[in-house]
Amino acid sequence: MKRQIIPEIAGSLIIMLFVYAALSKLIDYDIFRYQLQRSPFFYGYANILAWLVPSMELTAASLLTIKRARLAGFYLSFFLMLTFTGYIFAILHFADEIPCSCGGVLSMMSWNQHFIFNIVFTLIALTGILTLTRLSERVADEARPASV
């Protein structure tokens, strides 16, 4: 019973993060797109990414709300957070200029704080994956008939 609450809490945290982040980007769409255009890595892809990133965040959040799709939501969340964390690492280590393309409260963090924040949420998504996988394996084991 205790383990069943872990994916609920992890999913709720990620849903809140992604819905907030996506809405912040969409509300300030022109600013978000401009900041992406200033990125040394996304120069030619800013227009696509300005829609793709919030769309994927909202998709992950949606998947996490559907019990049968929750594992897929955790995998997508893990992928997104790993990608965002890799981007911050690359910006910190390889970029001359450091543009911020985050919205809302997240834009008030330093890049190092944001890097740590992203690592924490990457681990939260991974915890959701591992916990759900173990729970489904346990349910499958309990459903198997005992061997004679």
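Points to keep in mind about this one:
- Surrounding net charge for Thr65, when Lys and Arg each add one and Asp and Glu each subtract one, Cβ distance under 15 Å: +1
- Phi-based couplings in Hz for segment 81-91 (Karplus 6.51, -1.76, 1.60; Gly and Pro marked x): 5, 5, 5, 4, 5, x, 4, 5, 4, 5, 4
- Positive-end residue, the chain charge dipole about Cα centroid, Cβ charges, pick of Tyr20, Leu58, Ile9: Ile9
- Karplus-derived HN-Hα couplings along segment 17-23 (A = 6.51, B = -1.76, C = 1.60, θ = phi - 60°), whole Hz, x at Gly and Pro: 4, 5, 5, 4, 5, 5, 5
- Axis angle, to the nearest 10 degrees, between helix 111-143 and the longest C-alpha principal axis of the chain: 20 degrees.
- Note on Glu137, Glu8: ascending count of other Cβ atoms within 10 Å places them as Glu137, Glu8, the fewest first.
- The chain, helix-only ellipticity at 222 nm - DSSP H runs n ≥ 4, -39,500 (n - 2.57), divided by all residues, nearest 500: -27000 deg cm²/dmol
- Amide N proximity, segment 8-43 versus Trp111 label position 7 Å along Cα-to-Cβ, cut-off under 14 Å: 38-42
- Of Phe84, Phe121, Phe41, the one that fluctuates the most in a GNM where the chain has Cα springs shorter than 10 Å: Phe41
Each value in this text was obtained by applying a stated rule to the coordinates, not by laboratory testing. All figures in this text were calculated on a predicted structure; none of them were measured in a lab. Glycine also receives a Cβ, built like all others from the backbone with ideal geometry; neighbour counts cover every protein chain displayed.
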